[in-house]
Amino acid sequence: MRRADDAGALAAEAGPGERFAERFGFERFGLWIAREREVVALKFHAGLRNTEIAGVLGVSESAAGTLLYRAMQKLREACDATS
């Protein structure tokens, strides 16, 4: 599992959020903005905590948590709509 020391390298790679979305089939929803894909990839692919995500994104821990919550809500709604 990657941690904060690898988070900068993960964020610097070309499109970690896009690769995560492709791997798990989320690209079909076409609803996510790049920041949403990135925060979900950092949380679930890189295994970072919200504090670490905040450091990578350059936002507060609260803002990182809110972004993650909203991205997951959007994903849930899209999954429900395709069911």
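Only one of the listed residues (46, 78) is of a type outside the set (Asp, Glu), modelled with pLDDT under 85 and surrounded by 14 or more Cβ atoms within 10 Å (Cβ to Cβ). That residue is 78. For residue 58, the conditions (1) at positive phi; (2) at pLDDT 90 or above; (3) surrounded by 13 or more Cβ atoms within 10 Å (Cβ to Cβ) are fulfilled apart from (3).
The values are calculated or read from the model by the stated rules, or taken from the named source; none is laboratory data. Because the structure is predicted, anything quoted here is derived from the model rather than measured. With ideal geometry, Cβ positions are generated from the backbone for all residues, glycine too; neighbour counts draw on all protein chains shown.
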